[in-house]
Structures are given as C-alpha cells and as structure tokens.
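Asks: Have a look at this one.
The values are calculated or read from the model by the stated rules, or taken from the named source; none is laboratory data. Owing to the predicted nature of the structure, the values given are computational and were not obtained by experimental measurement. Methodologically, a virtual Cβ is constructed for each residue, glycine included, from the backbone with ideal geometry; neighbour enumeration extends over all protein chains shown.
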Amino acid sequence: MPSPLLNEELLASMLEVIKGADTVELKLTVPDTQMRATAVNLGLDPIEAEIRQIVFFDTPDLALNASGLVVRARRIQKGAGDTVIKLRPVDPRELPREHSRIGVEVDAMPGGFVCSASMKGTSSAKDIAKTIAGDASIKSLFSKGQRSFYKEHAPEGLKLKDLVALGPILTLRLKSLPQGFGRKLVTELWLYPDGSQILELSTKCAPGEAIQVAAEARVFLTARGIDMTGVQQTKTKTALEYFSSLMATTSGTRLASNPKESE
C-alpha cells in the first residue's frame, strides 16, 4: 500500500526505522464516495463485523496528544476489553527495550509513516464502562507497568487522574482473507457521533517483508477499483479533535447559560 507512494527520502527513512520494529502495519483510508463500492468489491459482510467501543483519555486541550502520548481503552463485543498506552513518534534505535511488554510498530500509509512504542494491557468491557461513566478511576484500568510507562513520558505533573474521557466512539471491525490476496485484511469502520465515518483497510507483516506486501496490496486493491491516491485520515487524531472540540463547545454553552460560573 504505502511504498509506491512514498518519495525516495521518506522510503529510505522508513526502511531504516523498520529495522528496529517488531511489526509493520500497512494502512489505507478509503474516500467517503468509495466506501460502499469497496465493501462490495472486497466481498465484505458487515453482519460478520465485531462491534467495539473506544474511549481515549486526555486533557480537554489534548496535552497528551501534543506530547506524543495516546491513552486508550477499548470495549469489545461479548465482554472483553483492552487498554494501551502508546508513544509516538519514536526512533526504535533510541528506545530502551528493558520491558518485554513494549511493542514497536510502524504504521505506514500512502504519503507517510510513523513508528510507535506501545504497552498493552487487558481489562473488561464492564470495567471500562464504569470508567467512562465516572464510577471508577482511569488509573484502575491500567497495569503497574503501563502506569510507569505513562509517568515516564507524560508531561510533568499530569497524572492519569487529571485526564478526562474523550468518547466513546463506536467501531466495526472485520477480518477477512480476500480471494486473490492471500493475506489477512482488516477492515475498520469508525462511526463518529456527527455522522462522519472513516473506513480503513490494513494488513500486518514482518518488517523484512513490508515492501513486498505493500506492492502486492497495491496491485490487489487497485485491481478492485480502490483509490490509492485519496487524502489519508488518521482515526485517532480525528476522534481526539472531534471530542475535544465537542467538549469546548459544550463547556462554552454551559457557561453562557450560567453566567455566574464565569465570575
């Protein structure tokens, strides 16, 4: 997917970075006008998709995101859940790897790439729902190792208890093995509360096979009429900016209706 659309400088930089990565995830967001055609051409059945609900934790002005840190929890259909604290961008050559639970992944899409370091954890859909509702602390969702990873990279003085929930957002995730591709393809549809959507196609591979898999994916998707040159959107950034803006608007409306609160 990405490599044919990266210029020589970016491609050389990516090839150097992926040497220190554990995995590479090749991503492509599909233009709004092609979402339905993409589903049809890839033979995707939405009934088979797994329902997920994602919530991010940050300050209202996205101080964590500005420092390159993403804190997220995800409720999964049938009661499961997981969490992650992610730092990006990182240079894997400069990243301490003393903790075996730190995973390094390169996300590559047409026009660019980013390398991240993540520490994942497990939770339950019930516990995450309690936190979203304000009935449990954000800190309780994350392991000791994750909290330590957060403290090491968060802005000084910004604790997990100081964060607010941004979300949740509903997503549909479908794994498939399309005929003619021979690799697992993941399709994710993010449904934003304002009615907008992002449809992303992705596949993971080992760093050493990234260029070959990218070329194969490009040939496969192009043959099915999927546009590889559209403007790319990032799901997380879009979600954070949406909920941050919504929180600011809601706060402004509340203060306007209660002028004494601003005195």
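Asks: Please indicate, with yes or no, whether at least one residue in segment 138-152 is in contact with a strand residue (DSSP E or B) (Cβ under 9 Å, 6 or more places away or on another chain), among the β-branched types (Val, Ile, Thr) and surrounded by 19 or more Cβ atoms within 10 Å (Cβ to Cβ).
Replies: yes
Asks: Please verify whether Ile47 is in contact (Cβ under 8 Å) with a residue 12 or more places away in the chain and among the β-branched types (Val, Ile, Thr), treating the condition exactly as stated. Lay out the reasoning, then the answer.
Replies: Numbers: in contact (Cβ under 8 Å) with a residue 12 or more places away in the chain: no; among the β-branched types (Val, Ile, Thr): yes.
Here the answer is no, as Ile47 does not meet what is asked.
Asks: Let me confirm something: among Val17, Val55, Val71, which residue is more than 15 Å from Trp190 (Cα to Cα), assigned to a strand (DSSP E or B) and in contact (Cβ under 8 Å) with a residue 24 or more places away in the chain?
Replies: Selected residue: Val71, the only one of Val17, Val55, Val71 that is more than 15 Å from Trp190 (Cα to Cα), assigned to a strand (DSSP E or B) and in contact (Cβ under 8 Å) with a residue 24 or more places away in the chain.
Asks: Can we say Thr234 is modelled with pLDDT under 95 and among the hydroxyl-bearing types (Ser, Thr, Tyr)?
Replies: Working: modelled with pLDDT under 95: yes; among the hydroxyl-bearing types (Ser, Thr, Tyr): yes.
Yes.
Yes/no matrix, rows are residues, columns are (1) surrounded by 15 or more Cβ atoms within 10 Å (Cβ to Cβ); (2) assigned to a strand (DSSP E or B); (3) among the aliphatic types (A, V, I, L, M):
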| site | (1), (2), (3) |
| --- | --- |
| Glu156 | no, no, no |
| Ile169 | yes, yes, yes |
| Leu172 | yes, yes, yes |
| Lys175 | no, yes, no |
| Gly180 | no, no, no |
| Thr187 | yes, yes, no |
| Pro193 | no, no, no |
| Glu209 | no, no, no |
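Asks: Taking segment 74-102 as the region of interest, how many residues are part of a strand (DSSP E or B) and under 16 Å from Thr236 (Cβ atoms)?
Replies: 7
Asks: What's the number of the only condition in (1) part of a loop (DSSP other than H, G, I, E, B); (2) in contact with a helix residue (DSSP H, G or I) (Cβ under 8 Å, 6 or more places away or on another chain); (3) under 24 Å from Ala223 (Cα atoms) that Leu28 fails to meet?
Replies: (1)
Asks: State which residue is nearest to Thr83 (Cα to Cα) when the search covers only segment 124-157 and only residues that are touching a helix residue (DSSP H, G or I) at 6+ places or on another chain (Cβ under 6 Å) and hydrophobic (A, V, I, L, M, F, W, C).
Replies: Selected residue: Leu141.
Asks: Which condition does Ser118 not pass, out of (1) in contact with a Lys or Arg (Cβ under 6 Å, 6 or more places away or on another chain); (2) assigned to a helix (DSSP H, G or I); (3) of a type outside the set (Val, Ile, Thr), if it passes all the others?
Replies: So the condition that Ser118 fails would be (2).
Asks: Would you mention how many residues in segment 39-55 are touching a Pro at 6+ places or on another chain (Cβ under 9 Å) and surrounded by 13 or more Cβ atoms within 10 Å (Cβ to Cβ)? Full working, then the answer.
Replies: From segment 39-55, those touching a Pro at 6+ places or on another chain (Cβ under 9 Å) are 39, 42-44, 53-55; that's our starting set.
Still in the running and surrounded by 13 or more Cβ atoms within 10 Å (Cβ to Cβ): 39, 42, 44, 53-55.
Of the residues in that region, 6 qualify.
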